[in-house]
1. Based on what the data block shows, is A:Gly207 assigned to a strand (DSSP E or B), facing chain B (nearest Cβ under 9 Å), among the small types (Gly, Ala, Ser) and surrounded by 14 or more Cβ atoms within 10 Å (Cβ to Cβ)?
2. If A:Met175 satisfies every condition in (1) facing chain B (nearest Cβ under 8 Å); (2) under 30 Å from B:Leu194 (Cα atoms); (3) among the hydrophobic types (A, V, I, L, M, F, W, C) but one, which is the exception?
3. Please enumerate the residues belonging to segment A:100-120 that are without any contact (Cβ under 8 Å) to a residue 24 or more places away in the chain and either away from every other protein chain (no Cβ under 12 Å) or surrounded by 14 or more Cβ atoms within 10 Å (Cβ to Cβ) (or both).
4. Which residue is farthest from the chain's Cα centre (by Cα), if the candidates are limited to segment A:57-99 and must be free of Cβ contacts under 8 Å to residues at least 24 places away in the same chain and within 12 Å of another protein chain (Cβ to nearest Cβ)?
5. Taking the options A:Arg226, A:Arg170, name whichever one is crowded, with 20+ Cβ neighbours inside 10 Å and within 21 Å of the chain's Cα centre (by Cα).
6. Say we look at segment B:229-253 and pick out the residues that are of a type in the set (A, V, I, L, M, F, W, C) and over 28 Å from A:Ile15 (Cα atoms); which of these is nearest to the chain's Cα centre (by Cα)?
7. Considering only residues that are farther than 19 Å from A:Arg64 by Cβ and buried (at least 20 other Cβ atoms within 10 Å of the Cβ), look in segment A:17-32 and name the one that is nearest to the chain's Cα centre (by Cα).
8. Of all residues in segment B:131-167, count the ones that are without any contact (Cβ under 8 Å) to a residue 24 or more places away in the chain and among the hydroxyl-bearing types (Ser, Thr, Tyr).
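Readers should treat all values here as calculations from the given coordinates under stated rules, not as data from a laboratory. Note that this is a predicted model, so its numbers are computed, not measured. Please note: Cβ atoms are built from the backbone with ideal geometry, for glycine as well, and neighbour counts cover all protein chains shown.
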Protein chains: 2
Amino acid sequence: MPNAAAIVTAALLVIGDEILSGRTKDKNIGYVADYLTALGIDLREVRVVPDDETEIVDALNALRARYSYVFTTGGIGPTHDDITADCVAKAFGVGISHDERAVAMLRERYANAEDLTEARLRMARIPHGADLVENPISKAPGFRIGNVIVMAGVPSIMQAMLDAVAPTLRTGVKMQSVSIDTRALPEGLYGTALGAVQKEHPGVVIGSYPSFDGKRFTNQIVVRARDEAVLAAAAAAVEAMLSRLESERAEKP
Amino acid sequence: MPNAAAIVTAALLVIGDEILSGRTKDKNIGYVADYLTALGIDLREVRVVPDDETEIVDALNALRARYSYVFTTGGIGPTHDDITADCVAKAFGVGISHDERAVAMLRERYANAEDLTEARLRMARIPHGADLVENPISKAPGFRIGNVIVMAGVPSIMQAMLDAVAPTLRTGVKMQSVSIDTRALPEGLYGTALGAVQKEHPGVVIGSYPSFDGKRFTNQIVVRARDEAVLAAAAAAVEAMLSRLESERAEKP
């Protein structure tokens, strides 16, 4: 059993003008959040920054100092606006050049020498000292340097790179969660009582999440904890609280 | 005509454990990005932080110092995990208490006095000096203090609050964009030439965006600028470059 004190954290840095302009709708944040939660890594922060060297370098340095891992998506393709690898090298203060292992991967894909254009070769520029992250889809690799893992922005490639890197990651005790339907009770009726349950169960994190379908609200209460017994006790307290409020409501004239 | 030098910037701060755990998939980032771009406000950064006072206050203070506006989503409901209003008050160093205007809005919705529970009244706690942002859907208002605009996390309510606040926002010259289909030319073939076009047209921002449908990549080149003539010239240069590469390719034996 892993050490219960071992909490492994992460940040995700999404790089790209196209997300901030609205041109592209991000599909990676939710996927990475689910994936890391399932692995036992707590995603603690996400940032989206433009294709701007200073912004990327500053965000990388702020995040890698704070979290166990920093995952990046975007900016590792063959065009001039793909500047992530250079920014990572700058953040770490290391050089960057064509990596022989990465060039070999691209040669495998572009067997015909004239197809391995200067632009495509850009994708083999890797900061010195980095390990490569395999890309089974289009070959051009991601990489890992220190606690920073650099991945593609195209969702299917990003997902394959996460699969490739996952076995090498340190993980902590998984956060478990229980979702509780509030049986049509609105937040405004259980809010105060739920706050009291949270106070009595400091070992769990309780959230209340409304959704609105255009006509009415439905709510879910989510209880989260790393310890199963602590989680079960808090979830039972929430259920008991909801049952109490439900019968009080039914008894009203 | 607005002053071409007037660039208005914004950051979006998404607040909520549920986004970072993957439990809820954010639908607000892409919407806000499109909305602000259409208004003439440049979204420059997005951060997602958990329901943690220090994280929220620190992010608010970092972002409000850097950008014309900071929009927040999430954490203004009636439950104990809704701490955004308190964090905003703390970031601005002002008090917070039940706001009479907000209480009146809630009374309108909860006409029966016993329905206006302590939990619901929490939603009328507003930092001192803030203006309210109307919520036509569920009445509990957002608010604006200084350059920070605080909105709900539920997408339909967030969208209504954006509509309510939009007419009061300062806007800049809109960023215009042209999307160019690359006629089945891959990034690796036009990457170097596109970089040259970007260098010759420093007044525009050119991005190249691949998508992968599971079988093949398609690409779009997006040219962006505030000045229409500058934009048109750069877009024409991209088209000419693609035509040249296309005919070179067709001429190959």
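1. On the way: assigned to a strand (DSSP E or B): yes; facing chain B (nearest Cβ under 9 Å): yes; among the small types (Gly, Ala, Ser): yes; surrounded by 14 or more Cβ atoms within 10 Å (Cβ to Cβ): yes.
Taking the combined requirement at face value, the residue satisfies it.
2. The failed condition is (2).
3. Of segment A:100-120, the ones without any contact (Cβ under 8 Å) to a residue 24 or more places away in the chain are A:100, A:103-104, A:107, A:110-116, A:118.
Correct list: A:Glu100, A:Val103, A:Ala104, A:Arg107, A:Tyr110, A:Ala111, A:Ala113, A:Asp115, A:Leu116.
4. First, the residues of segment A:57-99 that are free of Cβ contacts under 8 Å to residues at least 24 places away in the same chain: A:58, A:62, A:65, A:80, A:93.
Those left that are additionally within 12 Å of another protein chain (Cβ to nearest Cβ): A:58, A:62, A:80.
Numbers: A:Asp58: 19, A:Ala62: 17, A:His80: 26 Å.
For segment A:57-99, the residue satisfying everything is A:His80.
5. Working: A:Arg170 fails: crowded, with 20+ Cβ neighbours inside 10 Å.
Residue meeting the stated conditions: A:Arg226.
6. Ranking the qualifying residues of segment B:229-253, first place goes to B:Ala229.
7. By that ranking, first place goes to A:Asp26.
8. So the answer is 1.
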